[in-house]
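Working notes, structure below.
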């Protein structure tokens, strides 16, 4: 258990976040003791108490969001009723079905209940169980850094103009002494505090908006594609989980930050059912697979994020995504589902032998790779009509055969 705790926190994200919390707290307390000493006035005591409460609560909710976790579906998860399987997607990695609103996180290696996103700062996913903790962490971080910005900016100004206050002031103004390195340190921490207010404040705004709409970041994307698919239809898509702003709000945020529900079954609005969004997502994926094209790898690719050997255009126009890159070898076949000018996104399959059994298992690798590394295979028989959901393998139409003689390169 101790190893798991250390492994979770020994990552660049939590370490940097803890470093920022510590630096802002120490610099603010040091400056506040000269600018508005809490032991000399009630106002200073109230300000000091408010800032320290914000700092402690920021640390508390940060650790809670990190160690509580989002809530994971168990391996080989199946719905209670057999007939419900036809509405659900199958996860080949977890070898089980995905519950409604659950998605697989490739970084955590598990299916996450009501997954919003994977946050590197807490080195964990934000989902059903820790969404409230994560939102409160953002709120108190912004509140604390706002108070810190006021203290540090005022202290730096008075330290720079210290001589003027000594000779021309009333004598009641606080005189702040800072060495050169102290001044530089405070200015650096002030930049950190302002950066947190702006960047984390923006993230807090998006999280509050998502809570009020009862939509995760992934569901926003699904809904956008659903609206686009039905732009010419008389029957618009109804998002099933929007129960009104107040109901949506209290479904996530409450006094104890305890989530409501079990993360599998969700209350839905009238006219929808538990699998409305899941069915829509399956249809969208089916359309994506219908548009898929087969590519044959003509150049090796190491999987580097900035492959200098593939040209300046490839390095200067990387995909704006944290999705992985995949390694390729000449002769590999890749099923491409997304296209950019210099990059392609696709998946390839390799055989992995299970040590516990003599059988081999198909392993799917998905990610980006340079467009110049592969050429599209043209054939009257190469239109992909779907995938085997259970095994995640490409399936072709019956009666169609794929022979090497029928393939032609561009």
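The values are calculated or read from the model by the stated rules, or taken from the named source; none is laboratory data. Only a predicted model underlies this, so the values are computations on that prediction, with no experimental measurement involved. Backbone-built Cβ (ideal geometry, glycine too); neighbour counts: all protein chains shown.
Here are the numbers:
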{"quantity": "Selection status of residue 379, within 28 Å of the chain's Cα centre (by Cα), at pLDDT below 85 and surrounded by 13 or more Cβ atoms within 10 Å (Cβ to Cβ)", "calculated": "no"}
{"quantity": "Sole residue being touching a helix residue (DSSP H, G or I) at 6+ places or on another chain (Cβ under 9 Å) and within 27 Å of residue 240 (Cα to Cα), chosen from 14, 79, 38", "calculated": "79"}
{"quantity": "Residue selected from the range 189-237 under the condition more than 19 Å from the chain's Cα centre (by Cα) and in a loop (DSSP other than H, G, I, E, B), by the criterion surrounded by the most Cβ atoms within 10 Å (Cβ to Cβ)", "calculated": "237"}
{"quantity": "Strands (runs of 3 or more DSSP E) lying entirely in the range 71-131 (those with 2 or more residues that are touching a residue at least 60 places away in the same chain (Cβ under 8 Å) and surrounded by fewer than 22 Cβ atoms within 10 Å (Cβ to Cβ))", "calculated": "117-119"}
{"quantity": "Out of 259, 240, sole residue that is over 23 Å from residue 148 (Cα atoms), at pLDDT 95 or above, outside the structural domain of residue 148 (by TED's automatic domain parsing) and surrounded by 12 or more Cβ atoms within 10 Å (Cβ to Cβ)", "calculated": "240"}
{"quantity": "Lone unmet requirement of (1) surrounded by 15 or more Cβ atoms within 10 Å (Cβ to Cβ); (2) closer than 30 Å to residue 240 by Cβ for residue 368", "calculated": "(2)"}
{"quantity": "Some residue of the range 55-62 being closer than 30 Å to residue 220 by Cα, modelled with pLDDT under 95 and either outside the structural domain of residue 173 (by TED's automatic domain parsing) or not in a loop (DSSP other than H, G, I, E, B) (or both)", "calculated": "no"}
{"quantity": "Residue in the range 342-353 that is part of a loop (DSSP other than H, G, I, E, B) and at pLDDT 90 or above present", "calculated": "yes"}
{"quantity": "Selected residue [more than 22 Å from residue 220 (Cα to Cα) and touching a strand residue (DSSP E or B) at 6+ places or on another chain (Cβ under 8 Å)] from 293, 338, 289", "calculated": "293"}
